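Working notes for the structure below.
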Amino acid sequence: MSLESAKRFLEKEGQVASLVDGLPSKFFEPLILNGLRVDLIEPGRVVCSMKIPTRLLNSGNSLHGGATATLVDLVGSAAISTVGLNVGVSVEINVSYLDAAYADEDIEIEARTLRVGKAVGVVTVVFRKKKTGKIFAQGRHTKYLAVTSKL
């Protein structure tokens with residue numbers, strides 16, 4: 001990729017820019033979460049499912065890595081909140097992409113708390129294809145938990 005083509009790739013202009021500028025504020029979470037169903041929720045664990053919508057695909061027609069990372073953030077935060085704590089802010093998110101998942105595939109997303117302490121919570125989030133049970137992505141999310149001041 002040349003320098004100029006890399007620049008054009010990153011600087012979306014014209015019709016795309018006007019579309020994006022017209023989006024309402026705080027649209028990102030609903031864009032990712034629309035269609036997600038909570039199948040199980042218990043202390044320290046959340047299991048969700050969804051059919052992958054075309055709006056979340058990348059240029060290779062598979063689930064976009066950014067959408068996967070956002071789901072690690074959102075579903076992982078929900079798992080932390082099930083133990084009764086404020087979810088605070090992200091310190092670290094990592095995702096291992098093990099396989100591709102495509103439009104209209106049914107997937108399951110399972111988040112489990114690994115540790116929730118006074119100041120930090122850590123969750124693991126596993127993405128599986130429902131049809132085969134095959135793991136196609138796995139994430140870990142560390143959050144700083146809002147600590148209440150004793151002053």
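The values are calculated or read from the model by the stated rules, or taken from the named source; none is laboratory data. Because the structure is a prediction, the values reported are computed rather than measured. Quick reminder, even Gly has a Cβ in these numbers, built from the backbone with ideal geometry, and neighbours come from all protein chains shown. Each accessible area value is taken on the protein alone, full model and side chains, heavy atoms only, with ligands, DNA and RNA left out. Shrake-Rupley method; radii C 1.70, N 1.55, O 1.52, S 1.80 Å.
Loop only by DSSP, 14 or fewer other Cβ within 10 Å of the Cβ. Give me the trypsin sites (Lys or Arg not before Pro) in the stretch 87-151 that pass, ordered by residue number.
Values: sites: Arg112, Arg115, Lys118, Arg128, Lys129, Lys130, Lys131, Lys134, Arg140, Lys143, Lys150; in loops: Lys118, Lys130, Lys131, Lys134, Lys150.
Taking the stretch 87-151 and a limit of 14 other Cβ atoms within 10 Å, the loop trypsin sites (Lys or Arg not before Pro) found are Lys118, Lys130, Lys131, Lys134, Lys150.
Could you work out the equivalent-ellipsoid semi-axes for the chain, taking the square root of 5 times each eigenvalue of the Cα gyration tensor, largest first, in whole Å? Could the numbers behind the result be given before it?
Values: eigenvalues 172, 88, 43 Å².
So the three semi-axes of the chain are 29, 21, 15 Å.
Give the dimensionless ratio obtained when the Cα radius of gyration of the stretch 79-146 is divided by 2.2 N^0.38 Å. List each step's numbers first, then the result.
Numbers: Rg = 13.6 Å, N = 68, 2.2 N^0.38 = 10.9 Å.
Scaled against compact globular proteins, the figure is 1.24.
With springs connecting C-alpha atoms under 10 Å apart, model the chain as a Gaussian network and identify which of Ile107, Ile41, Ile32 has the largest mean-square fluctuation.
Largest GNM mean-square fluctuation: Ile41.
Treat every Asp and Glu Cβ in the chain as -1 and every Lys and Arg Cβ as +1, leave all other atoms uncharged, and give the resulting dipole magnitude about the Cα centre to the nearest 20 debye. Please report the intermediate quantities before stating the final value.
Numbers: 19 positive and 15 negative charges, 99 e Å.
Approximately 480 debye in magnitude.
So which of Lys7/Lys143; Lys26/Lys143; Lys26/Lys130 end up more than 27 Å apart, counting from Cα to Cα?
Details: Lys7/Lys143 33 Å; Lys26/Lys143 21 Å; Lys26/Lys130 30 Å.
Going by Cα-Cα distance, Lys7/Lys143; Lys26/Lys130 fall outside the 27 Å limit.
Looking at Gln138, Ile52, Gly121, which one has the Cα that reaches farthest to the positive end of the dipole of the chain (charges on Cβ: Lys, Arg +1; Asp, Glu -1)?
Result: Gly121.
Taking a probe of 1.4 Å, how large is the accessible area per residue of the chain, in Å²?
Numbers: 9440 Å² over 151 residues.
Each residue of the chain exposes 63 Å² on average to a 1.4 Å probe.
Between the stretch 21-93 and the stretch 95-149, what is the C-alpha centre distance in whole Å?
Using only Cα atoms, the two centres lie 9 Å from each other.
From the backbone phi of the stretch 112-122, what are the Karplus-calculated ³J(HN,Hα) couplings (6.51 cos²θ - 1.76 cosθ + 1.60, θ = phi - 60°) in whole Hz, Gly and Pro given as x?
10, 6, 9, 7, 10, x, 6, 10, 9, x, 10
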